[in-house]
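Everything on this sheet refers to the single structure shown next.
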Amino acid sequence: MSLLQQSRRRRGPGASAVAIIVAAAICSAAFACRRQTIAASTTCETATRTVTVNGHERKMPRGDELYWRVGCMVPGFGGFYLADAVNPTIVLLDPRDSAAARVAVSRLLGGCSSAHPCRYVRGQFTYVDLATWRDSLTRILFASGDATSMGVDQRANRVTVGAAHMSDSATVAAHISALGIPLKAVIIGPGIRGVPE
């Protein structure tokens, strides 16, 4: 069963569910390895397969791997989600990439069909960039205790950071800027166990 079919079956926001699973897996690794070196692959050839934690390779969650592969096949791919739980929507930086994106999404994510044709919306950031930024922020913000959740919101085409305390959002923003990540690429909100002060 494809990811799209599974998402339709659940009738929930498919891309958000994948982002939550990915964030939970990264969160577990980050807490287990607090204050230890966590290095993630950032090239298409390796990031689609593994992350390296303290010198040991670990498989990435399958959903994230597939999104990475689409992003490698279509450099302007910004994400994929189900609008209204049924309409497959591809986020692209350039609409001229729609044919290549439709083929890649259909092959890897089970997306577009004659019954459910894909629609396209314009994004500002590629999925590969968003996922790379999420991974970098995860290592720093979880280790510092400034965040309790992290993900990629493909509908918004942004990284999401769940702050441990909303009063520390300026600290979170400083970490984002220090890494050279555009502030407009990140949505900061209360974390899973955050305090909405």
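Assorted remarks:
- Charge context of ALA178, other residues only, Cβ under 15 angstrom, K/R +1, D/E -1: -1
- Whole-Å distance, taken between Cα centres, linking the stretch 75-112 and the stretch 156-179: 28 Å
- Projected area averaged over orientations for the stretch 131-197, convex hull of C-alpha atoms, nm²: 3.9 nm²
- For the pair SER113 and GLU65, a Förster radius of 22 Å applied to the C-beta separation gives a FRET efficiency near 0.45, rounded to the nearest 0.05.
Each value in this text was obtained by applying a stated rule to the coordinates, not by laboratory testing. If you're wondering where the values come from, they're calculated on a predicted model, not measured in any experiment. Neighbour counts run over all protein chains shown; Cβ positions are idealised from the backbone, glycine included.
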